[in-house]
Amino acid sequence: MSGRDSELEEAEPASGFSDLSDSEFLQIEEPEDGDSEKPSCSHNRHLEPVEKALETAKRKRAQTPLETFRLLYLCITDVSAQVWCEQQMVYKRERPDLLPLENTVQLNTGKSIHLARELEYHDLVSVCTTSREDSWAIKLLNLLAMIPVLQAGRRVREFPVFGVLEGVFVVGVIDQLGYTAKGELELSELKTRHEAFLPSAAQKKRDRFQVFLYKCIFDAMVQGHLTWDIFIQHLHLRPEQVLGPQVQEQARNAGFTASCFQDLLELAFLNLTLLDIPVIDRLQIEYIHQGTNAPLGTEVLAYDDDAVRATVRDFLAYWKGQRDPKGVDVEDAWKCRYCAYASVCDWRLGRAGSPTVKSRPKKSR
Ligand code: SF4
């Protein structure tokens, strides 16, 4: 069974996870009550412009990027985008108006190919949701439907994963999980390409990191490291929230009895840990051409847990406000030529301590 949230949801416009894979987006959460960003402080009215600007800058610095962008969680593709250029990932969030249109078209084509593959395995059902808890309940129902299939040694697609990395909640969707002839659990990520050739080494590096993150989170889930109270706490969800009628109906159709959100949460986490799902043994990325669906190549990856965790620590330090965003290193300065933000980029223009500019000798006049 696979469910989809309706777009009627009010509090969280995010839909089910199947619309995220290969194009995951950060979810902008509704501001919490008492949000510190609300304009206030009548005493500001009498400050001089410079003092006022300093105060604003100070207030902004006090917020982490997670707080500034009002995020309760990150999507895995946003963390993996930091491999290409962290500064660019930040600009995409701050200045989406500068993104070229063809990116959207390519993204939509990629999503259609993913959807077609998903439909080979199961039907999609539209479900109306009435609360944020309903929206997350749909993801849990998808998970609950896939666990026994996986346990039975069969293949699943669009498997939702969630977990905590460096204290930050992250979510993602694994394209495909199945078993090899040797019985190893294999993760297969599908990447669709506009061009009919394999990506560059730099693009492959980003794709590999995305897949490594999936393994990190999936393994922690099946090993019982993620518990339902962590889930509730990070996402500010209400365990006692009564599920909407359509969500309850979907749960019944899938063979579960759940009237409130916590019922489903407990079921999902019990099933995950008790049904003895193995950790992922094998990782691969399959590249196909968008225009023809022709395979372009498959890459099998070697996983290095220490290296992955060190990179995660560095990337999430930005999100937690422990450091400023970084642009590309000198050897990757070629990426700036293809970047939509080149004309406004502080890093490239040397306004943010770019090593590219720092290392450039000054012209004599
Ligand atoms: S111009 Fe270069 S450093 Fe700046 S965001 Fe783009 S790729 Fe990154």
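The values are calculated or read from the model by the stated rules, or taken from the named source; none is laboratory data. Here the structure is a predicted model, which is why all the values come from computation and not from measurement. Positions of Cβ are backbone-derived with ideal geometry, glycine not excepted, and every protein chain shown enters the neighbour counts. For the accessible areas, the whole protein counts, side chains as well, though only heavy atoms, and no ligand, DNA or RNA atoms are used. Shrake-Rupley method; radii C 1.70, N 1.55, O 1.52, S 1.80 Å.
With the structure loaded, tell me whether Phe209 is among the aromatic types (Phe, Trp, Tyr) and within 19 Å of the chain's Cα centre (by Cα) or whether it fails that test. Steps first, answer last, please.
Working: among the aromatic types (Phe, Trp, Tyr): yes; within 19 Å of the chain's Cα centre (by Cα): yes.
For Phe209, the condition - among the aromatic types (Phe, Trp, Tyr) and within 19 Å of the chain's Cα centre (by Cα) - is met.
Cβ-Cβ contacts under 6 Å between residues 6 or more apart (or on different chains), taken from a first residue in the range 183-210 that is farther than 17 Å from Ile288 by Cβ to a second residue that is surrounded by fewer than 16 Cβ atoms within 10 Å (Cβ to Cβ) and of a type in the set (D, E, K, R), are listed as Glu184/Asp281; Leu185/Asp281. Annotation: Phe315 fulfils all but one of (1) away from the ligand (no atom under 16 Å from the Cβ); (2) within 18 Å of Val211 (Cβ to Cβ); (3) part of a helix (DSSP H, G or I); (4) open to solvent by less than 70 Å² (accessible area, probe 1.4 Å); the unmet one is (1). Beta carbons closer than 7 Å, at least 6 apart along the sequence or on distinct chains, pair a first residue in the range 322-343 that is among the small types (Gly, Ala, Ser) with a second that is open to solvent by 50 Å² or more (accessible area, probe 1.4 Å) and more than 8 Å from the ligand (Cβ to nearest atom) for Ala340/Leu98; Ala340/Leu99. Filtering Leu237, Leu198, Leu270, Leu226 for residues that are open to solvent by 50 Å² or more (accessible area, probe 1.4 Å), of a type in the set (A, V, I, L, M, F, W, C) and in a loop (DSSP other than H, G, I, E, B) leaves a single hit, Leu198. Set side by side, the residues Val149, Val164 differ, and just one is at pLDDT 95 or above, away from the ligand (no atom under 16 Å from the Cβ) and either out of contact with any Lys or Arg (no Cβ under 6 Å at 6 or more places or on another chain) or open to solvent by 60 Å² or more (accessible area, probe 1.4 Å) (or both), which is Val164. Against the numbered list (1) closer than 24 Å to Leu270 by Cβ; (2) in a loop (DSSP other than H, G, I, E, B), Gly172 comes up short only at (2). Selection of the range 232-260 for residues being of a type outside the set (A, V, I, L, M) and in contact with a Phe, Trp or Tyr (Cβ under 7 Å, 6 or more places away or on another chain) yields His234, Arg238, Pro239, Gln241. Selection of the range 206-245 for residues being at pLDDT 95 or above and among the acidic types (Asp, Glu) yields Asp207, Asp219, Glu240. Tell me yes or no: at least one residue of the range 319-333 is assigned to a loop (DSSP other than H, G, I, E, B), at pLDDT 90 or above, open to solvent by 30 Å² or more (accessible area, probe 1.4 Å) and of a type in the set (A, V, I, L, M, F, W, C). There is no residue in the range 319-333 that is assigned to a loop (DSSP other than H, G, I, E, B), at pLDDT 90 or above, open to solvent by 30 Å² or more (accessible area, probe 1.4 Å) and of a type in the set (A, V, I, L, M, F, W, C).
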